[in-house]
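We did not get these values from a lab; they are worked out from the coordinates using the rules stated. Here the structure is a predicted model, which is why all the values come from computation and not from measurement.
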């Protein structure tokens, strides 16, 4: 039989589980190859998150930390998830290739 205490603990764990699934973490650094300063940003499912302050237009490496859990992120050139979009989930050097998104990311959205 369940008592009130065990039911309360079970309910709290269920809420934490749902909350954890509804948020994703991305890791970003201002220099290529994960060279600092670096920071973790969090966003909810389908939430557009702006890189504010000194992080706007300053990111050179990105990683979707929740990719193994089925999350897919898009990285946007402008605030509010506008402009050109970048789909790569893990890029240690945004300056290589055509360099289009190096130091130009302003927001992200994960699903």
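The relative contact order of the stretch 36-99, computed from alpha carbon pairs under 8 Å that lie at least 6 residues apart in sequence, is 31 percent. Rounded if a/c is under 1.5, else prolate if a/b beats b/c, else oblate: with a ≥ b ≥ c from the C-alpha gyration tensor eigenvalues square-rooted, which is the stretch 24-110? Taking the square roots of the gyration eigenvalues as a ≥ b ≥ c, the stretch 24-110 is rounded.
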